[in-house]
Amino acid sequence: MINKLLSALLLFTLLGCNLNLVKKKSMDPAEIGRQREQASAERNNDNLGKYVDVIDFNVYKADSEDGDTSSISIANPEKDLPHLQNPEEIVISQHTVTIIIDYPLTNEYKFDLSSDTGFTRVHLLNEINKAYRKIYAEEEASATIKTIPIEKRKKLINRNDTNGKYGIWGHDIEDLMLARIEIYETPDKKLILALITES
């Protein structure tokens, strides 16, 4: 009798787990996307060190309501560069920085950048553009679940999740806009740059 009860309890538990898996798998992709976007927007970078400053990327656009926007295209910055405010201003005088890219990636990408003269907005933007292009190319090359072309996407126009080196989700590179860069300083005086990227 006890064995029958234990067997029934085990069967009920397994069925319950399987139902939960079905519920998770059938969750609305748009809702998953919203949750990821919210988590990204609410992330805390305090673990990177002491907050030092922020670099803004303000672009004058005659067709916007107030004449400017506070972001610039990552994939095609050249179209906004003529209207970027203070593009050649040295915004970081230190000669070496570490840049962290974590949106829209499951696995972040980190790289060091050096300059004898410090960094301008244009310099940083060009390096970020190169890094994102590298990330998206490596993702496509290493993924077994490939990106669905835009013309074949049915319900969502957002990029499908891929399972490559970085686990890109939700957005094509053309969707990404660099809003600002937050600067953090580690205890050993190294600068970490956290990108605030929007889509």
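Looking at region 14-42, which of its residues are at pLDDT 70 or above, within 30 Å of I92 (Cβ to Cβ) and either open to solvent by less than 70 Å² (accessible area, probe 1.4 Å) or among the acidic types (D, E) (or both)? Across region 14-42, the qualifying residues are E37, A39, E42.
In the set (1) at positive phi; (2) assigned to a strand (DSSP E or B), K189 fails one condition alone, (2). Applying the condition of being touching a Phe, Trp or Tyr at 6+ places or on another chain (Cβ under 9 Å) and assigned to a strand (DSSP E or B) to region 67-86 and asking which residue is most open to solvent (accessible area, probe 1.4 Å) yields D68. Among T186, T147, T162, which is the only one that is open to solvent by less than 30 Å² (accessible area, probe 1.4 Å), farther than 19 Å from I100 by Cα and of a type in the set (S, T, Y)? The unique qualifying residue is T162.
Within region 124-165, how many residues turn out to be part of a helix (DSSP H, G or I) and closer than 16 Å to N107 by Cα?
12
Report whether or not A179 is part of a strand (DSSP E or B) and of a type in the set (A, V, I, L, M).
yes
Only a single item in (1) out of contact with any Ser or Thr (no Cβ under 7 Å at 6 or more places or on another chain); (2) closer than 26 Å to E42 by Cα; (3) at pLDDT below 95 is not met by R121, and it is number (3).
I'd like the residue in region 87-114 that is among the aromatic types (F, W, Y) and crowded, with 16+ Cβ neighbours inside 10 Å and, out of all such residues, is nearest to L178 (Cα to Cα). Among those residues, the one meeting the criterion is Y103.
The values are calculated or read from the model by the stated rules, or taken from the named source; none is laboratory data. The model shown is predicted, which means the values in this text are computed figures rather than measured ones. Here the Cβ is made from the backbone with ideal geometry for all residues, glycine too, and neighbour counts use every protein chain on show. Accessible surface is based on the protein model in full, side chains and every heavy atom, while ligands, DNA and RNA are left aside. Shrake-Rupley method; radii C 1.70, N 1.55, O 1.52, S 1.80 Å.
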